[in-house]
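Inspection log for the structure reproduced underneath, given as structure tokens.
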Amino acid sequence: MTDPTVAAATPVRRRPRMPRISGLGTALALGWTIIIVLGALVVDFLPLSEARDPSLALMTPSTLAPDLLSEHPLGTDSQGLDILGGLLYGARVSLVVGIGGVLVGALIGGALGLVAGYRGGWTDRIVSIITDTLLAFPSLILLIAIVTVLDPTLPNITLALGIMVVPAYARLVRANAMSFAGREFVTAARSLGAGELRIMLREVTPNIVQPVFSYSFMLVAVLIVAEASLSYLGLSIPRPEPTWGNMISAGQSDFQRYPYLVGVPAIVLFLTVLSFNQLGEAAGRKWSPGAAKI
């Protein structure tokens, strides 16, 4: 029989801990996002070859292979347009559409969800009918219907994608507003004579900003993919204005001979979407640790 004093004195071997991949992944995602954002902001001032006007690229050979030490580091497409420049201009479109659509959806859906969650009753039922109606339509069909009615311009595409995420924001904000509407600080503010609008804006809204903000990163990724899908189908901003989706679509006919025409924008799209998802998960773990464990 083992002596308990000896067992207590014997050092316990601890299993080696695995390195925390989440922190490294978040840092890489943040770095990639910063590169994409900065590139989209300063692309007009960079010494890049022509990427948007085929008439200015008539003397440039088409389908040049990527060469990091050449004038076209990522090659040229079938029209002689520079792929690197196209990626950065496409990043501008994707970020404007993704962030702008999230802002539109957050403002409209957040307002509906806040009123519905705080007041309840018939207001909640009306908002639920609106969100359920929008959710009844498949997202891609709804987008195609909106874009068909509107011209395929950047503001219209942003508006259409913003409408698509209104139900998501409405439900998220409604659930959080309902959980805070009966709290003591809300009751105290009401007893002191504060109006409903003041209570919703000053008492309830600050408590739901963090989950909404962390969720927005993931919705930016969703909208970037949605815009790329519309561009691929020819329903978004048309060529020669480059977007990641129409670059993939333009290169698919020569994919077997020149796979980089599709592979390069597809990889950039994948890394950008992955980065926004990773940042959203990191923000959720920080601000909603209980939800992150579910």
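The values are calculated or read from the model by the stated rules, or taken from the named source; none is laboratory data. Because the structure is a prediction, the values reported are computed rather than measured. Note that we place each Cβ from the backbone using ideal geometry, even for glycine, and neighbour counts take in every protein chain shown. The accessibility values were calculated without ligands, DNA or RNA, using every heavy atom of the protein model including side chains. Shrake-Rupley method; radii C 1.70, N 1.55, O 1.52, S 1.80 Å.
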* Pick out the one residue from G100, G110 that is open to solvent by less than 30 Å² (accessible area, probe 1.4 Å), among the small types (G, A, S) and touching a Ser or Thr at 6+ places or on another chain (Cβ under 6 Å). => G100
* **Residue ID - nearest to the chain's Cα centre (by Cα), chosen from residues in the stretch 27-53 that are exposed (fewer than 13 other Cβ atoms within 10 Å of the Cβ) and without any contact (Cβ under 8 Å) to a residue 40 or more places away in the chain** => I34
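If only one of R239, R285 is without any contact (Cβ under 8 Å) to a residue 12 or more places away in the chain and either crowded, with 22+ Cβ neighbours inside 10 Å or among the charged types (D, E, K, R) (or both), which one is it?
R239
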* Test set (1) over 14 Å from the mean Cα position of the chain (by Cα); (2) part of a helix (DSSP H, G or I) - Q278 fails condition number -> (1)
* Structure fact -> Given the conditions (1) open to solvent by less than 20 Å² (accessible area, probe 1.4 Å); (2) free of Cβ contacts under 8 Å to residues at least 60 places away in the same chain, every one holds for L230 apart from (2)
* Asked: How many residues does the stretch 170-224 hold that are in a loop (DSSP other than H, G, I, E, B) and open to solvent by less than 60 Å² (accessible area, probe 1.4 Å)?
  -> 2
* Exclusive hit being hydroxyl-bearing (S, T, Y), open to solvent by 20 Å² or more (accessible area, probe 1.4 Å) and over 17 Å from P238 (Cβ atoms), set Y89, Y118 -> Y118
* Restricting the first residue to the stretch 118-132 and requiring it to be of a type in the set (G, A, S), which pairs with a second residue that is open to solvent by less than 40 Å² (accessible area, probe 1.4 Å) and in a helix (DSSP H, G or I) meet a Cβ separation below 8 Å and a spacing of at least six or different chains? -> G120/A181; S128/A116
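Yes/no matrix, rows are residues, columns are (1) in contact with an Asp or Glu (Cβ under 6 Å, 6 or more places away or on another chain); (2) not β-branched (V, I, T):
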| position | (1), (2) |
| --- | --- |
| L64 | no, yes |
| S70 | no, yes |
| L74 | no, yes |
| G80 | no, yes |
| V93 | no, no |
| V97 | yes, no |
| V104 | no, no |
| L112 | no, yes |
| I126 | no, no |
* **Pairs with Cβ under 9 Å, 6+ apart, first in the stretch 134-163 and at pLDDT below 85, second surrounded by fewer than 18 Cβ atoms within 10 Å (Cβ to Cβ) and small (G, A, S)** => F137/A145; L140/S229; L143/S229; P152/G234
* Go through (1) outside any helix (DSSP H, G or I); (2) open to solvent by less than 10 Å² (accessible area, probe 1.4 Å) one by one and return the number of the condition Q79 breaks. => (2)
* **Given (1) closer than 26 Å to I199 by Cβ; (2) of a type outside the set (A, V, I, L, M); (3) open to solvent by 60 Å² or more (accessible area, probe 1.4 Å), number of the condition E71 does not satisfy** => (1)
* **Residue list for the stretch 30-76, filter: acidic (D, E) and in a loop (DSSP other than H, G, I, E, B)** => E50, D53, D67, E71
